[in-house]
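Visitor: Mind having a look at this structure? Questions to follow.
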Amino acid sequence: MKFFLLPALVASVFTVASCAPFAKRPTPPPTLDELFAKADSNGDGRITRDEFSGLMIEQAFYWMDGDHKGTISEAEFLAAGGSKVVFRQIDVTGKGYFTVEDAKASAVARKAMSLPFDGADKNGNGSITRAEFQDYQNRAAAYTR
């Protein structure tokens, strides 16, 4: 049951986050090409599951960090639709907040943020091309706008 709640958390994060006006963001959102280049860390023109989950964590973090301090507090996480249980699984040190590095090191966050990968990898070859990424982003935008 917990695994089923993770996709709902991912969806709620992007749904709630997309409602935030861009004027409150310190910089405009990156373009599709910028996102793809950022995710494709080795520059081979394909995004692996690991690269994809890292990008998804960064995007979710960007939208959840309402005060732009570089950390996600429990209140910010809960406001974005997360649960206390998942928050504590990411905040393993018990500081009451986590950084993007903490989230990337979290197996729970990585697993949750890699769930959409299979839907984006249309041909099932284990990597996402730029065209597949664009298609995924277009489909995701329909749910987050």
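Visitor: Kindly check whether there is at least one residue in the range 115-124 that is more than 24 Å from ALA37 (Cα to Cα), in contact (Cβ under 8 Å) with a residue 12 or more places away in the chain and more than 13 Å from the chain's Cα centre (by Cα).
Guide: Checked against the condition, which is being more than 24 Å from ALA37 (Cα to Cα), in contact (Cβ under 8 Å) with a residue 12 or more places away in the chain and more than 13 Å from the chain's Cα centre (by Cα), the range 115-124 yields no hits at all.
A quick yes/no check of all residues on (1) at pLDDT 95 or above; (2) among the hydrophobic types (A, V, I, L, M, F, W, C):
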position	(1), (2)
LEU55	no, yes
GLY81	no, no
PHE87	yes, yes
VAL92	no, yes
TYR97	yes, no
ALA105	yes, yes
SER127	yes, no
ALA142	no, yes
ARG145	no, no
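Visitor: Then there is this: Need a quick list: helices (runs of 4 or more DSSP H) entirely within the range 37-106 having at least 1 residues that are under 19 Å from THR129 (Cα atoms) and out of contact with any strand residue (DSSP E or B) (no Cβ under 9 Å at 6 or more places or on another chain).
Guide: Output list reads 49-64.
Visitor: So, of the residues in the range 24-70 that are surrounded by fewer than 17 Cβ atoms within 10 Å (Cβ to Cβ) and β-branched (Val, Ile, Thr), which turns out to be farthest from the chain's Cα centre (by Cα)?
Guide: THR27
Visitor: Also: Mind checking which residues of the range 71-88 are within 15 Å of the chain's Cα centre (by Cα) and either on the phi > 0 side of the Ramachandran plot or surrounded by fewer than 16 Cβ atoms within 10 Å (Cβ to Cβ) (or both)?
Guide: Of everything in the range 71-88, just one residue is within 15 Å of the chain's Cα centre (by Cα) and either on the phi > 0 side of the Ramachandran plot or surrounded by fewer than 16 Cβ atoms within 10 Å (Cβ to Cβ) (or both), namely GLY81.
Visitor: Based on this model, can you work out whether ASP118 counts as part of a helix (DSSP H, G or I) and out of contact with any Lys or Arg (no Cβ under 7 Å at 6 or more places or on another chain)?
Guide: yes
The values are calculated or read from the model by the stated rules, or taken from the named source; none is laboratory data. Computed from a predicted structure; not experimentally measured. Ideal geometry is used to build each Cβ from the backbone, glycine not excepted, and the neighbour counts take in all protein chains shown.
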